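Just so you know, all these numbers are worked out from the coordinates, no wet-lab data involved. None of the values given here were measured: they were computed from a predicted structure. In this analysis, Cβ positions are derived from the backbone assuming ideal geometry, glycine residues included, and neighbour counts consider all displayed protein chains.
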């Protein structure tokens, strides 16, 4: 008889965990998945601000990915119980917020605007990963700056 050790996709499990928690919380949110890796990104609206959460099996490659609160896990685990600490951390981030990121709508608008200008000038149909990273990172920086400025103002 052959015994199979079933491995659990850790990122997939936590992705489902986050989606369930976000539905339960009622927070407006946006989910994006990397086209180049297993990483998933959540932007979570709390009050006037968006908070970012990234779940992946590797450290971020791009600056804009590093702008998100990081939850790094092995790609696979043998027992879902091994992911309880990450689940607790994620629940805390959803409840109290994490790292400020730009509005997903602002990011999409900025990338589309930059792409249309690039298309007019060069005929290019896509942005390079580096250009998209630069745009996203700038917007995340501006959002954090605006948040910090507002928080620093006396009531």
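Of the residues 144, 75, 54, which exhibits the maximal mean-square fluctuation in a Gaussian network model of the chain defined by a 10 Å Cα contact cut-off? For the chain, modelled as a Gaussian network with Cα springs under 10 Å, the answer is 75. Residues considered: 102, 56, 110. Largest GNM mean-square fluctuation over the chain, using C-alpha springs under 10 Å, is found at 110. When 137, 113 are sorted by how many other C-beta atoms sit within 10 angstrom of their C-beta, beginning with the fewest, the order is 113, 137. Calculate how steeply helix 10-25 sits against the longest principal axis of the alpha-carbon atoms of the chain, using the helix alpha-carbon long axis, and give the answer as 0 to 90 degrees to the nearest 10. Result, in degrees: 70.
Rounded, prolate or oblate: which one fits the range 7-92, using the alpha carbon gyration tensor with axes a ≥ b ≥ c (rounded when a/c is under 1.5, else prolate when a/b beats b/c, else oblate)? Verdict is oblate for the range 7-92. Helix 104-122 and the long axis of the chain differ in direction by around 60°, with both axes built from C-alpha atoms. Note on the chain: with a GNM built from Cα contacts shorter than 10 Å, the maximum mean-square fluctuation among 59, 74, 104 falls on 74.
Got the relative contact order for the range 8-152 handy, in percent, Cα pairs under 8 Å and 6 or more residues apart? Once divided by the residue count of the range 8-152, the mean separation gives 23 percent.
Length gained on full extension, residue 31 to residue 141, computed as 0.36 nm times the residue gap minus the Cα-Cα distance: 37.6 nm. Is the C-alpha gyration tensor of the range 8-152 telling us rounded, prolate or oblate? Criteria: a/c under 1.5 is rounded; beyond that, a/b larger than b/c is prolate, otherwise oblate. It is oblate, given that a/c is not under 1.5 and a/b is not larger than b/c.
For the range 37-114, the relative contact order works out to 32 percent when only alpha carbon pairs closer than 8 Å and six or more residues apart are counted.
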